[in-house]
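J.: Below is a structure I'd like to ask you about.
The values are calculated or read from the model by the stated rules, or taken from the named source; none is laboratory data. Keep in mind that this is a model prediction, so the values were computed, not measured. Positions of Cβ are generated from backbone atoms using ideal geometry, with glycine treated the same way; all protein chains shown enter the neighbour counts.
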Amino acid sequence: MSITQTTMISGCLAILVFIAVIVTANALNLGSLTGSSPLAEQQKTDSALRNIIASSLNYIHTADESRASLTVPLHGVQLGTNQFILLYDSTPYAVKGHIALSIPCDARNPQAPLFHILVGRAPDLAPAAVGYLSQISNPPDTCVYHSQFGFGDPVTDIILKNVSNRTLTLSGPHSVTITTHEAYIPAAPSVEELQMLKMSQANATK
């Protein structure tokens, strides 16, 4: 009985090894025919996917890693020209996700927001590209915009900045909703982390 079981196990292992060899050979042959390795082809596919995600305002997320949603009411917030309010800070984690905001706008040109959403790692922040949702907007009182963030350079900070030439007062309907779908630790430390490390070292020597 034991000899029969041993023989069957040996036969199964031999079949699995044979299948692995065939699959590997086919992958290598495919790479040689196309002039590139399977790994290079996968890298191209991944790069193309990242570009699609970063450039598409309507990309639908399929991942569900560390997903969280935060709504920031803006009732009573008053911002002069170039003044801003910090909406989100995830340091030291960088995040990828989606942001939607309901804010006042210019009735003559609602596609050009009176506010910028600045994203990045403080102090290096840049305006995010936003899409205007006319179907659920009511210029000039309330306009709805949305954007993706984090599908490129790391994002730990999100800021709402008044870029109009006048002071704007936000009221009850106005808010920002930030939904994160993935969080990770960037390879390089941020300026904030380096400052904290320097302060800790200075305190340790006192």
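J.: Residues of region 140-154 being surrounded by fewer than 18 Cβ atoms within 10 Å (Cβ to Cβ), more than 17 Å from residue 74 (Cβ to Cβ) and out of contact with any helix residue (DSSP H, G or I) (no Cβ under 7 Å at 6 or more places or on another chain), which ones?
T.: Residue satisfying the conditions is 153 alone.
J.: Please work out if residue 68 is in contact (Cβ under 8 Å) with a residue 60 or more places away in the chain and loosely packed, with under 13 Cβ neighbours inside 10 Å.
T.: yes
J.: Please go through region 108-138 and give me each residue that is β-branched (Val, Ile, Thr) and either at pLDDT below 95 or surrounded by fewer than 19 Cβ atoms within 10 Å (Cβ to Cβ) (or both), ordered by number.
T.: Of everything in region 108-138, those that are β-branched (Val, Ile, Thr) and either at pLDDT below 95 or surrounded by fewer than 19 Cβ atoms within 10 Å (Cβ to Cβ) (or both) turn out to be 130, 136.
J.: Please go through region 162-179 and pick out each residue that is farther than 25 Å from residue 189 by Cα, under 23 Å from the mean Cα position of the chain (by Cα) and surrounded by fewer than 21 Cβ atoms within 10 Å (Cβ to Cβ).
T.: If the condition is that a residue be farther than 25 Å from residue 189 by Cα, under 23 Å from the mean Cα position of the chain (by Cα) and surrounded by fewer than 21 Cβ atoms within 10 Å (Cβ to Cβ), then 175, 177 are the ones that fit.
J.: Regarding residue 157, is this residue within 24 Å of residue 74 (Cα to Cα), of a type in the set (Asp, Glu) and either touching an Asp or Glu at 6+ places or on another chain (Cβ under 7 Å) or surrounded by fewer than 13 Cβ atoms within 10 Å (Cβ to Cβ) (or both)?
T.: Yes: the conditions hold for residue 157.
J.: Right, something else. Taking residue 75 as the residue in question, decide whether it is surrounded by fewer than 14 Cβ atoms within 10 Å (Cβ to Cβ) and either over 14 Å from residue 171 (Cβ atoms) or of a type outside the set (Ser, Thr, Tyr) (or both).
T.: In short, yes.
J.: Against the definition (of a type in the set (A, V, I, L, M) and not assigned by TED's automatic domain parsing to the domain that holds residue 97), how does residue 191 come out, yes or no?
T.: Criteria met by residue 191.
J.: Please verify whether residue 161 is basic (Lys, Arg) and over 28 Å from residue 105 (Cβ atoms), treating the condition exactly as stated.
T.: In short, no.
J.: Still on this structure, I have one more. Give me the residue from region 171-188 that is at pLDDT 95 or above and in contact with a Pro (Cβ under 8 Å, 6 or more places away or on another chain) and, out of that set, farthest from residue 69 (Cα to Cα).
T.: Filtering region 171-188 for residues that are at pLDDT 95 or above and in contact with a Pro (Cβ under 8 Å, 6 or more places away or on another chain), the one farthest from residue 69 (Cα to Cα) comes out as 174.
J.: Looking at region 91-121 only, could you name the residues that are in a strand (DSSP E or B), without any contact (Cβ under 8 Å) to a residue 60 or more places away in the chain and at negative phi?
T.: 115, 116, 117, 118, 119
J.: Right, here's the next one. Quick check on region 78-102: of everything there that is more than 13 Å from the chain's Cα centre (by Cα) and among the β-branched types (Val, Ile, Thr), which residue is farthest from residue 171 (Cα to Cα)?
T.: 91
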